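Here's the structure we're looking at; comments come further down.
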Amino acid sequence: MSLSLTRLEKFYKDQSGKSFGVLGPIDLRVETGEFLCLLGPTGCGKTTLLRILSGLEKPDSGEIFLLPGRLGYVFQQGALFPWMNVESNVMFPLKATGITGSECRSRAGELLNLVGLHEFRKSFPHELSGGMQQRTALARGLVTEPELLLLDEPFASLDTRTGINLQEMLRSLCGRLSTTVIFVTHNIEEAVYLADRIVVMGHRPGRIVRNEPLNLEWPRSRLSSGFTEVLLSFRQTFEELVDPSATLSF
C-alpha cells in the first residue's frame with residue numbers, strides 16, 4: 001500500500017489556549033512494500049504523525065492519500081490486554097474484523113509459531129518477559145496481514161540483544177508478507193539496520209530535514225564499513241539539528 005502526504009500540519013494548544021505547531025508542513029510519499037524509518041529527536045512529532053495515519057488524530061491542514069486497506073499498529077509498550085492470554089491478544093484484531101472460530105485460532109497460531117511463542121499461547125502478559133510481550137504485540141499487529149504497519153518505537157525499552165533479535169524477526173516477517181512499514185525510532189543504528197529509506201525529522205514543529213534511501217545490501221552487518229559510514233552520516237545529521245526552543249542557562 002502506497003501513501004502520500006501533502007503539506008500536512010498539526011497544531012496543539014497550551015494551557016493559556018495559545019496554538020503552537022507540533023508537526024509540519026510535511027510532504028512525503030511511501031511506496032508499496034517499502035520499509036520506511038522515521039528518525040528524529042524526542043518531541044519532533046513522529047508519534048503524532050503515526051496517530052494521524054492510523055486515524056486516531058486528524059491533521060489541521062494538508063492532505064493524506066491512503067487507499068482503504070488493513071492497517072496494523074504496534075505501540076512502544078505493546079499495549080497488550082492484561083486480562084487476555086497471548087493467544088486471545090493475537091486473535092483480537094481478527095475477531096474485530098469478523099473472523100472467528102477455527103480460522104481465527106489457526107491464523108493466530110501461525111503468527112505465534114513465526115514469533116516463537118506458540119508454547120506460551122495460554123500465558124498472560126504479566127507472565128512474559130519484555131521481549132516476549134513485544135513479540136506478542138508484533139504477532140497481533142501482523143495477524144491480519146496488514147497492507148500498512150505502523151510501529152512506534154516498539155523496541156525502545158528492551159535490552160540490546162533482545163532488540164536486535166526482534167529487529168531481525170520484524171524485517172523477515174514484513175518481507176515475507178510484503179507489508180508497507182513506517183517505523184518510528186530515535187535510535188540511529190536501529191534505523192540504518194532496518195530501513196529501505198530513512199526520513200529524519202527536525203525539532204518541533206517536526207519537519208523533514210533529510211530523506212534518503214539506503215543502498216546497503218541484505219543481509220546487513222553492523223560491523224561492515226558501509227554500515228558504519230551510513231551510521232556516521234546520519235549521526236552527523238542528528239548532531240546538526242538545532243532545537244529552537246532550547247535555552248542556555250548559566
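The values are calculated or read from the model by the stated rules, or taken from the named source; none is laboratory data. Because the structure is a prediction, the values reported are computed rather than measured. We place every Cβ from the backbone using ideal geometry, glycine too, and count neighbours over all the protein chains shown.
Checked against the criterion of being on the phi > 0 side of the Ramachandran plot and either touching a helix residue (DSSP H, G or I) at 6+ places or on another chain (Cβ under 8 Å) or among the small types (Gly, Ala, Ser) (or both), the candidates Gly109, Gly98 yield just one match: Gly98. Restricting the stretch 48-93 to residues that are among the aliphatic types (A, V, I, L, M) and touching a Lys or Arg at 6+ places or on another chain (Cβ under 6 Å), the residue that is nearest to Glu31 (Cα to Cα) is Val90. Might you check whether a residue that is under 16 Å from Leu151 (Cα atoms), in the same structural domain as Arg210 (by TED's automatic domain parsing) and part of a helix (DSSP H, G or I) occurs anywhere in the stretch 18-32? Among the residues of the stretch 18-32, not one is under 16 Å from Leu151 (Cα atoms), in the same structural domain as Arg210 (by TED's automatic domain parsing) and part of a helix (DSSP H, G or I), which makes the answer no.
Taking helices (runs of 4 or more DSSP H) as the structural unit, those lying wholly within the stretch 98-212 and holding at least 2 residues that are in contact (Cβ under 8 Å) with a residue 12 or more places away in the chain and under 25 Å from Leu39 (Cβ atoms) correspond to 130-142, 160-177, 188-194. Do we have any residue at all in the stretch 67-81 that's surrounded by fewer than 16 Cβ atoms within 10 Å (Cβ to Cβ), touching an Asp or Glu at 6+ places or on another chain (Cβ under 6 Å) and not basic (Lys, Arg)? The answer is yes; a qualifying residue exists.
Among the residues of the stretch 96-104, is any under 17 Å from Arg171 (Cβ atoms) and out of contact with any Gly (no Cβ under 6 Å at 6 or more places or on another chain)? Don't jump to the end; show me each part of the working.
Of the stretch 96-104, the ones under 17 Å from Arg171 (Cβ atoms) are none.
No, there is no match, as no residue in the stretch 96-104 is under 17 Å from Arg171 (Cβ atoms) and out of contact with any Gly (no Cβ under 6 Å at 6 or more places or on another chain).
Kindly evaluate Gly43 against the criterion of being touching a residue at least 60 places away in the same chain (Cβ under 8 Å), surrounded by fewer than 16 Cβ atoms within 10 Å (Cβ to Cβ) and part of a loop (DSSP other than H, G, I, E, B). The answer is yes for Gly43.
Got a sec? Which of Pro205, Pro146, Pro219 is over 18 Å from the mean Cα position of the chain (by Cα), closer than 22 Å to Thr48 by Cα and of a type outside the set (Gly, Ala, Ser)? Spell out how you get there, then give the answer.
Values: Pro146 fails: over 18 Å from the mean Cα position of the chain (by Cα); Pro219 fails: closer than 22 Å to Thr48 by Cα.
That would be Pro205, the only listed residue that is over 18 Å from the mean Cα position of the chain (by Cα), closer than 22 Å to Thr48 by Cα and of a type outside the set (Gly, Ala, Ser).
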